[in-house]
Amino acid sequence: MLSRVKYVYDNPSVYVTDISQSGANISGDMESKIDYYRIYTNNILKAVNLDECNIKGFSVGSLLDGPTGLKDNYHSYGLYEVDFNHPERKRTARGTAHWFSLLATENAFTPGYSKPGGWGIAPKNVDQFHIDKFPEEFMFGAATSAAQVEGGWDVDGKGASIWDTFANADKVKDKSTPQIACDSYHNYKQDIVLLKQLGVKFYRFSIAWPRIMPDGITRNDKGIEYYHNLIDELKMNQIIPMVTIYHWDLPQSLENYGGWLNSSIVDRFRNYAHLLFEEYGGKVDWWITLNEPWVFVVKGYGNGEFAPGISDDPGRKPYIAAHNAIKAHAEAYHDYHDNYKGKGKIGITLNIDWQEPKDPYNPDDIEASEWAIQTFLGWFAHPVYINGDYPDVMKTKIATISTEQGLGGSRLPEFTAAEKARINGTSDFFGINSYSTNLAYKDDPSRAGKEAPDYFKDRGILSDFDPSWPGSGSTWLKVVPWGLRKILNWVKNNYGDREILITENGVSDNTGTLQDSQRAAFIRNYINEVLKAVKYDGINVIGYTAWSLMDNFEWQSGYTERFGLYHVDFEDANRTRTPKSSAQEFHKIIVDHGFTTESKAEPYHPSPLPYQDTFYYKQQFPKDFSWGVTSQYFQGGFGWDTTVNGTSLDVLINGVDLKPDTDTSGLYRVVFNRLNNVDEGRKHVEATHVYTSILWPVMFPNRTIQDVDKTTLIAMRSFLKELPVGNTTITIFTWDLPNIMDTKNNGGWLNESNIDIFVEIARIYFDALGDTVKQWVTFNEPQQYAYLMYESGQLPPYHGNRTNDMYKAMHNMIKAHARVYHMYQKDFKRRQQGKVGLIVRNDWYIPKDSNNPADNDAVLRNLEFEYFWFSDPIFRTGDYPDEMKQHVGGTRLPSFTPREKQLNLGACDFLGINHYGSLIVKTRQPGDAPNGFNEDKGVTTDNNRYNELVIDPTGIRKMLNVIKGRYGKIPIYIAGNGITDTQKTHSNIDRATYIKQYSNEVLKAILHDQVNVKGYSYSRVLDGYSWTSPSKGETGLFYKPSAFTRPREGMQAFKDLVTFNGYVDPPKETTTPMRSTTPNNNNNNNNNNNPDKPVNNATRYISNVYFHLLITVFVISKLIA
């Protein structure tokens, strides 16, 4: 409307005089009414600044409520409510009046919460979770304190602290002591392992004053050495040490002389800090003088809840202790910069929880909020950051109350002018600990002056909690994430645009549970509020510290409250640390440096997947879905010794040729004229597709391409002509390198010249067989082959322990694949219209401990090394994964030239995967058995005692989602999926159930996850030889190649799957029951138009016959008529 006025009337001067609405037409809550004004006035601002409308002013329609003109009827949209029943027509400001006053004062829409009481004109994204990253320089860390974790209370010359004395006097809730605590004094290296697992940039820890100076004065070299060792270990692990000089553990010897009540403590503290600077200043760049002085002066010298437990004068002693603590802080600060000439940063950590006005629209409660913060945080922050003196409100209140109490002067000590000058500006950053939120409101103003002096009464406020706020393991801690954002805004509003470091934030429980989802949610939501403060409100927060790294001695509560990301078993003499689920959550945020929709820390296993625990029935695979059976040439028994002179490395067992003269001969050999057994098996299960291979030593017995065995080639052509054109996938290389190519110094796949031979052999196959074969695979499981050949030595010629050769062999196979692919595109594609792909082994990986960030990282690294190793160069970048290059390092991992990268990238028409189960992986420990490849990965497997794959059907779906997420919707064929008899026995799952559940997960991946899976093949149709374990090779749907009358129990299940192209009825029997479901989706690949009605080939056929019969009857009846 304003823009129209501008154009129609030549942009006249406009005053918006009314945008009010009756309260009856606006949602009853005050926030909605404020939003009404916020939206309208913001659009007026847009009209001024964006549309250049000549708007001169704006006013609300009514200052006060008033009559509507109807009898006894009043409108209620005034900024002030009027009580028409009161003789003086009492006025009460509404929230809209307060908001409008802020807008008039600011004359702008300012970001964040810029006004007292946590008010803001238009704070952004208040109720939404914000997806974004922190600035690059933002730091994440974890914290502990010496008294809470170190133990060793009297070891190596350490003196007693006030907390040793306090706890030994049975003043702790559970009668416990910190004498051993987490025993970090002896286990600090374990703690650093935890920090590495989390991925933090810094570790905030404190130094125990009585360990360095047992009596508070005299140095203790053993204690000094301990912290040197700790700091050195941190730096060796690229973790920044952040040292807190004092975290409440005052030497008892100093407390005997008054502790923080004795002014001599200022010099004692400066001398102690000076010793630390001299010893560790060259290694430590981040220093914190005091941790939460409010706590140790109020609870230690006021109400006596904390050590040293003094409570006899709560209206004086806290102020005296605080006065000395502030001066001690200033002296340490000046000593670091003026005397030691430190190049790092030094500051103080203060604690404050947000103080929300109990009634956010009540001016008194807003003022109470300000008092609450100024008499808590401001008590220490105002002298340090503003003018070297206490806040005016605090000085005035205490002086007034002291007078009312009949005292000669204020109970609050005064700083001299020189002291103020020395204190002012003594912090290089603003350290803040914040956990919770309180509701603040004013106390009776006459109360404090009539009662005994007490710090809490001096404040003039009371506090409460909103009953809707979630609790924790501590009575004082409520979970209110937005409170952290508001207090960060308050700090900026009152102390300027300083660097703010959140030095503690966390939540407690009373159980120590490992599945601490409430802590994981706390971390996630509180850090997200920090992110909003940074991104939306312009708060200069430079880091976040989680409290605490591990469960510990929680002061007066002993071990009854636990804040740790890691559980500590205090009943175990070793104080075993175990990660909680919150550790993984924090690790994920650190790795992602904020919040993303696809986390780098766990992008490959969303949990749970949609429909993860349900069985998809009454659903079908796409119409063109390929159903196949697999039998590789050698494994299917294609007569390795019948007509040829060549010998494969794979049949050189213990140095001699394998001979069919044992009771397992049927697994290794059948007569050559039974080459068509695999097709016979295909027909028995009604599959559409065959996956097989050509045995290199059979076709080329003497290595040279001129020496092709024509008899074998003719037999192969004849066999393939029996199959429908395009329904066969031939693998060129399946681990059967001719023996001659690895002897006589040829080097096999280590010899780059063999790439040329491989390309020409592929050319011969394409030329001879390409008219019928339309799908070619260059390599089957090349990464497995390279590992078994050169690393583990499980395949002939049993090299083993040649990790570098493994990388080189793989490198040459990747280049060979790319060469063959491009040769086919150039010379055969147009004529034959075939496709060239590859098959990789893609089992899934399960972290040994899903709460342990290190084990979750092990999953990622295993994917990088085992799968992405081959597929990234082809489908993603043309080169190896960055993670792999970083871990292997140097020249051990060969490099691709720019031209080779160009040839690699995109050199594939489809991806075949073999998936048989899942491996349990964990991060590698220093004491694990040597293994070059696993050492490079930093991973070890931890499967069952049979050393077999875990049967985990969801693993195949997760793996398919990985492929889609990393490479897009490339065509994928499940080229091999099956279970051995030994796996079946030990997993307590039959083969039929295995086939149903795994194929059902593939169906979910297609219909729900939109993964482009084109086919599924069971491996194998026939029993056959297993490369590394002949006794475990019984995976076939039939017992032996010649015995198709003896099907295994899974044959009928697979045949039904093929016949109906999916599942019509619920599975009749499953070893692991799954809930049935009929998901409603409209995927175009789904043939079933009505997902609630079973549809299959048989019913479709009956329906068609019935339809045609009706038509016929109709036509005949018309003719008769």
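The values are calculated or read from the model by the stated rules, or taken from the named source; none is laboratory data. Computed from a prediction, not measured in an experiment: that's the story for all the values here. Ideal geometry is used to build each Cβ from the backbone, glycine not excepted, and the neighbour counts take in all protein chains shown. For accessibility, only protein heavy atoms count, side chains too; no ligands or nucleic acids. Shrake-Rupley method; radii C 1.70, N 1.55, O 1.52, S 1.80 Å.
Please find, among Pro738, Pro701, Pro724, the residue that is surrounded by fewer than 16 Cβ atoms within 10 Å (Cβ to Cβ) and modelled with pLDDT under 90.
Sole residue among the options that is surrounded by fewer than 16 Cβ atoms within 10 Å (Cβ to Cβ) and modelled with pLDDT under 90: Pro724.
Taking Ser253, is it of a type in the set (Ser, Thr, Tyr), outside any loop (DSSP other than H, G, I, E, B) and open to solvent by 20 Å² or more (accessible area, probe 1.4 Å)? Lay out the reasoning, then the answer.
Values: of a type in the set (Ser, Thr, Tyr): yes; outside any loop (DSSP other than H, G, I, E, B): yes; open to solvent by 20 Å² or more (accessible area, probe 1.4 Å): yes.
Answer is yes for this residue.
Kindly state which strands (runs of 3 or more DSSP E) lie completely within the stretch 859-941 and contain at least 1 residues that are free of Cβ contacts under 8 Å to residues at least 60 places away in the same chain.
Hits in the stretch 859-941: 939-941.
Determine which member of the set Asp464, Asp458 is touching a residue at least 12 places away in the same chain (Cβ under 8 Å) and open to solvent by less than 40 Å² (accessible area, probe 1.4 Å).
Just one listed residue meets the conditions, Asp458.
Give the stretch 84-107 a look and list any residue that's open to solvent by 40 Å² or more (accessible area, probe 1.4 Å) and either in contact with an Asp or Glu (Cβ under 6 Å, 6 or more places away or on another chain) or assigned to a loop (DSSP other than H, G, I, E, B) (or both), or say none.
The answer is Phe84, Asn85, His86, Pro87, Glu88, Arg89, Lys90, Thr92, Asn107.
Give just the number: which of (1) buried (at least 23 other Cβ atoms within 10 Å of the Cβ); (2) part of a loop (DSSP other than H, G, I, E, B) does Arg211 not satisfy?
(2)
Would you confirm whether any residue within the stretch 767-777 is aromatic (Phe, Trp, Tyr), in a strand (DSSP E or B) and touching a helix residue (DSSP H, G or I) at 6+ places or on another chain (Cβ under 8 Å)?
Among the residues of the stretch 767-777, at least one is aromatic (Phe, Trp, Tyr), in a strand (DSSP E or B) and touching a helix residue (DSSP H, G or I) at 6+ places or on another chain (Cβ under 8 Å), which makes the answer yes.
Please determine whether any residue of the stretch 822-838 is in contact with a Leu (Cβ under 8 Å, 6 or more places away or on another chain), open to solvent by 20 Å² or more (accessible area, probe 1.4 Å) and within 30 Å of Thr891 (Cα to Cα). Let's see the steps before the verdict.
Within the stretch 822-838, the first condition is being in contact with a Leu (Cβ under 8 Å, 6 or more places away or on another chain), and the residues that meet it are 822, 837-838.
Going one step further and asking which of them are open to solvent by 20 Å² or more (accessible area, probe 1.4 Å), we end up with 822.
Now narrow it down to the ones that are within 30 Å of Thr891 (Cα to Cα): 822.
Among the residues of the stretch 822-838, at least one is in contact with a Leu (Cβ under 8 Å, 6 or more places away or on another chain), open to solvent by 20 Å² or more (accessible area, probe 1.4 Å) and within 30 Å of Thr891 (Cα to Cα), which makes the answer yes.
Taking Asp857 as meeting all but one of (1) modelled with pLDDT under 90; (2) in contact with a helix residue (DSSP H, G or I) (Cβ under 6 Å, 6 or more places away or on another chain), write down the number of the exception.
Result: Asp857 passes all but (2).
Looking at the stretch 167-190 only, could you name the residues that are crowded, with 23+ Cβ neighbours inside 10 Å and part of a helix (DSSP H, G or I)?
Residues satisfying the conditions are Ala167, Ser184.
Please count how many residues of the stretch 841-858 are among the basic types (Lys, Arg) and either under 19 Å from the mean Cα position of the chain (by Cα) or assigned to a helix (DSSP H, G or I) (or both).
The qualifying residues number 1.
Name the one entry in Leu531, Leu514, Leu477 that is open to solvent by less than 10 Å² (accessible area, probe 1.4 Å) and either free of Cβ contacts under 8 Å to residues at least 24 places away in the same chain or under 30 Å from Glu571 (Cβ atoms) (or both).
Among Leu531, Leu514, Leu477, only Leu477 is open to solvent by less than 10 Å² (accessible area, probe 1.4 Å) and either free of Cβ contacts under 8 Å to residues at least 24 places away in the same chain or under 30 Å from Glu571 (Cβ atoms) (or both).
Could you please give the count of residues in the stretch 358-402 that are under 16 Å from Asn493 (Cα atoms) and of a type in the set (Asp, Glu)?
Of the residues in the stretch 358-402, 2 are under 16 Å from Asn493 (Cα atoms) and of a type in the set (Asp, Glu).
Could you please let me know if Asp624 is of a type in the set (Asp, Glu), part of a loop (DSSP other than H, G, I, E, B) and at pLDDT 80 or above?
Numbers: of a type in the set (Asp, Glu): yes; part of a loop (DSSP other than H, G, I, E, B): yes; at pLDDT 80 or above: yes.
Yes: the conditions hold for Asp624.
What about Asp572, is it buried (at least 24 other Cβ atoms within 10 Å of the Cβ) and on the phi < 0 side of the Ramachandran plot?
no
Among residues belonging to the stretch 143-166 that are charged (D, E, K, R) and in a loop (DSSP other than H, G, I, E, B), point out the one that is most open to solvent (accessible area, probe 1.4 Å).
Among those residues, the one meeting the criterion is Asp154.
Among (1) part of a loop (DSSP other than H, G, I, E, B); (2) hydroxyl-bearing (Ser, Thr, Tyr); (3) out of contact with any Phe, Trp or Tyr (no Cβ under 8 Å at 6 or more places or on another chain), which single condition is Ser62 missing?
Answer for Ser62: the failing condition is (3).
Considering only the stretch 303-326, I want to know if a residue exists there that is among the aromatic types (Phe, Trp, Tyr) and surrounded by fewer than 22 Cβ atoms within 10 Å (Cβ to Cβ).
Within the stretch 303-326, none of the residues are among the aromatic types (Phe, Trp, Tyr) and surrounded by fewer than 22 Cβ atoms within 10 Å (Cβ to Cβ).
Filter the stretch 487-511 down to the residues that are in a loop (DSSP other than H, G, I, E, B) and open to solvent by 10 Å² or more (accessible area, probe 1.4 Å) and list them by number.
Residues satisfying the conditions are Gly496, Asp497, Arg498, Glu499, Asn510, Thr511.
Could you list, in sequence order, all residues of the stretch 108-120 that are in a loop (DSSP other than H, G, I, E, B) and modelled with pLDDT of 90 or more?
Within the stretch 108-120, Gly112, Tyr113, Ser114, Gly120 meet the criteria.
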